[in-house]
Every structure is written in C-alpha cells, then in structure tokens.
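Laboratory data are not the source of any read-out in this text; all were calculated from the coordinates shown. Please read all numbers here as calculations on a predicted model, not as lab measurements. All Cβ positions, glycine included, derive from the backbone under ideal geometry; neighbour counts span all protein chains shown.
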Amino acid sequence: KYTELLLGETNEELKRDVSQWIIYSHIAKSMPPLAKHFNDMYPEAKEDIKEMIQRIK
C-alpha cells in the first residue's frame, strides 16, 4: 500500500525498490558509520542504490 501511495502505482519490482530505499535511508540516518562502511566496501552497490532512488523520485 505504501508503494502505491508514494508512487501512484505498484508492482513487485517497485515494492522491492521502495523497501530497499526505506531500509538504506533508515541505516544512513540512524547509523551513518555503517552506511559509510557499506559504501566504501561496495561502491558498485552504492551506485545501484543511487540509481534506484532516482527511479523512485
């Protein structure tokens, strides 16, 4: 339901993207060192997260 309210539509891929965005945003705000460690260890995943956030926006 959250995905539909946020984006006006829903499907499994959008649900997965929104869930990942919510989790990453929560970690980045509540545990910045963990997000920094993740970004440093997995730079390609960081780019994937950025692309996913742009699709949602």
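Quick notes on this one:
- 14 Å beta-carbon shell around P43, net charge (K/R +1, D/E -1): -2
- Here the translational diffusion coefficient of the range 2-56 follows from Stokes-Einstein with Rh set to the Kirkwood radius across Cα pairs; for 25 °C and 0.890 mPa s it amounts to 207 µm²/s.
- Taking E9, E51 and counting other C-beta atoms within 10 Å, the order from fewest to most: E9, E51
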